[in-house]
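Below: the structure, in structure tokens.
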Amino acid sequence: MAESSPGQDHPSPGPDQPSPGQWQPPGTAYGQPPIPAYGQPPIPAYGQPPSDAGYGPTDAGWTGPAGHVSPSHWQHAPPPQPSPQPQPPRAKTPWLLLALLSLLLGVGGGALGGTLVDRDVSVTRPTPTVPTSPTPDVPTMTATISRGGGSPVVQVAARVLPSVVSIDVQGSSLGGVTGSGFVYDNAGHIVTNNHVIDPAVDGGEIEVSLPNGREVPATIVGRSASYDVAVLAVDESVRLTPAALGTSEDVLVGQNVVAIGSPLGLNATVTAGIISATQRPVIAGGKGETSYINALQTDAAINPGNSGGPLVDVNGTVIGVNSAIATVGGGRSQKESGNIGVGFSIPIDQVKTTVEQIIETGHAEYPIIGAKVSIARGTDGAVVNEVTADSPAEQAGIEEGDLITEVNGEEVVNGVALIVMIRSFEPGETITLSVERDGEAPSSVDVVLGTQIG
């Protein structure tokens, strides 16, 4: 079946229909009278007598189908009136004006829309409302974003870098090492790791490179091998910027952190990551001295030379001191391969306690129970290998072979965990241990912590 062309679906012209060639005004239907021009008498509908009364609109206005007047609304013409003066067609002018006005509004609306979009993207992104400022400082904002990349690390680095130093240590016999540190106060004290300054303990030189590039000599105020913390001092006349100290008590797994230091001797290096774990028992240290750290674990890149540098939060406050990194097994070359995304920092709450002790007395104290425990892995608790005479452990009734499974209700998985947990307290505090003996049900034992310097 062939497709029909327009107009083929209309019936053939009849007595009440115009012929196909007859002009039909727009808006009128077949079988309806055309709409007359303004000021002309109406054209009667097909099959209706023409009005001999002339043109006269009804009070009710036009009704019925388009262009058709209901017979009931025919009206007699009013008294003759002067012929109306020729007037320009009114229908065209409003539409022309409306078209022009719409065009102008469209262009203006587009420009306004563009302005609003520009403001929303460049200026008001942080807020849900459009600012009232007619001339937003787009170039300034664009420059800031392009320079900083929108990263909070930019502001953190700007705030903390003036407080971070590089430490060069030359030992009398062990050779030289490079580490990091940060300014603790306005009195010229600088915090670093004990293992960084270790080569100079028995004689040597320590030199601190300041953020402005100046190099000044430093002396050891005191150190703690147990916590792997050391305090240096430079001349008080040296102008320093202390770092802002935060707290490690409320650090959360997953929060963003920044590590700053001198890895491989590259001063003022900034790396970023997250907190991977908290309260991670770690054994660290050097020169045969072992440090037990209840560490913050991070994936921020930490390499040799980062030791002693700060780990900071997004506010630029120090929450830890970078101290150790995990290494893969194997030979010496493998163990010095550098960062593998597992680094450890000493919580700042512990660092502050130790540093204050060192500044006041020249040494640090840590709590003990007076018992040696196995540090083997895979045990469900800490096995007591030896109890020191007249120690807090002996006074509490702890014996060799006992299994310590809890400290103040927190589970102890092995001997390292027990040591780290005990060192999170202060000497003189009382803790409660859960102790199992000969397979019997565990019993609670109160122990008053003793004191040891180191």
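Of the conditions (1) over 43 Å from the mean Cα position of the chain (by Cα); (2) part of a strand (DSSP E or B), E400 clears all except one; give me its number.
Result: E400 fails condition (2) only.
With the requirement that a residue be closer than 29 Å to A272 by Cβ, of a type in the set (A, V, I, L, M) and in contact with an Asp or Glu (Cβ under 9 Å, 6 or more places away or on another chain), what does the range 217-254 give you?
Result: A218, A230, L240, V251.
Of the numbered conditions (1) charged (D, E, K, R); (2) over 22 Å from A284 (Cα atoms); (3) buried (at least 20 other Cβ atoms within 10 Å of the Cβ), R223 satisfies every one except a single condition; which is it?
Tallying (1) charged (D, E, K, R); (2) over 22 Å from A284 (Cα atoms); (3) buried (at least 20 other Cβ atoms within 10 Å of the Cβ), R223 fails exactly one: (2).
Residue check: is V156 closer than 25 Å to N339 by Cβ, crowded, with 16+ Cβ neighbours inside 10 Å and not assigned by TED's automatic domain parsing to the domain that holds F425?
yes
Just checking, does the range 375-382 include any residue being closer than 24 Å to V282 by Cβ, surrounded by 15 or more Cβ atoms within 10 Å (Cβ to Cβ), modelled with pLDDT of 95 or more and in contact with a Ser or Thr (Cβ under 9 Å, 6 or more places away or on another chain)?
Among the residues of the range 375-382, not one is closer than 24 Å to V282 by Cβ, surrounded by 15 or more Cβ atoms within 10 Å (Cβ to Cβ), modelled with pLDDT of 95 or more and in contact with a Ser or Thr (Cβ under 9 Å, 6 or more places away or on another chain), which makes the answer no.
Could you please tell me which pairs satisfy a Cβ distance under 8 Å, a separation of 6+ or placement on different chains, a first residue in the range 372-395 that is of a type in the set (K, R), and a second residue that is surrounded by fewer than 19 Cβ atoms within 10 Å (Cβ to Cβ)?
What qualifies is K372/N385; K372/E386; K372/T388.
Which is without any contact (Cβ under 8 Å) to a residue 60 or more places away in the chain, part of a helix (DSSP H, G or I) and within 21 Å of T269 (Cβ to Cβ), of I197, I190, I206?
When all the criteria are applied, what remains is I197.
Which members of the range 272-300 meet the condition of being of a type outside the set (G, A, S) and either farther than 23 Å from N194 by Cβ or not in a strand (DSSP E or B) (or both)?
I274, I275, K287, D299
Could you list, in sequence order, all residues of the range 261-271 that are assigned to a loop (DSSP other than H, G, I, E, B) and closer than 15 Å to S323 by Cα?
Within the range 261-271, just S262 meets the criteria.
Give the residues of the range 419-432 that are outside any helix (DSSP H, G or I) and either of a type in the set (D, E) or touching a Pro at 6+ places or on another chain (Cβ under 7 Å) (or both), sorted by residue number.
Selection gives R423, F425, E426, P427, E429.
Quick test for you: out of V447, V355, V416, pick the one residue that is outside any loop (DSSP other than H, G, I, E, B), assigned by TED's automatic domain parsing to the domain that holds A233, surrounded by 19 or more Cβ atoms within 10 Å (Cβ to Cβ) and under 44 Å from the mean Cα position of the chain (by Cα).
None of the other options fit; the residue is V355.
For N322, all conditions in the list (1) closer than 30 Å to I190 by Cα; (2) touching a residue at least 40 places away in the same chain (Cβ under 8 Å); (3) surrounded by fewer than 19 Cβ atoms within 10 Å (Cβ to Cβ) hold save one; what is the number of the exception?
Exception for N322: condition (3).
Got a sec? Which of G213, G222, G254 is at pLDDT 95 or above and within 36 Å of the chain's Cα centre (by Cα)?
G254
The values are calculated or read from the model by the stated rules, or taken from the named source; none is laboratory data. Since the model is a prediction, treat every value here as computed from it, not as a measurement. Note that each Cβ is placed from the backbone with ideal geometry, even for glycine, and that neighbours are counted across all protein chains shown.
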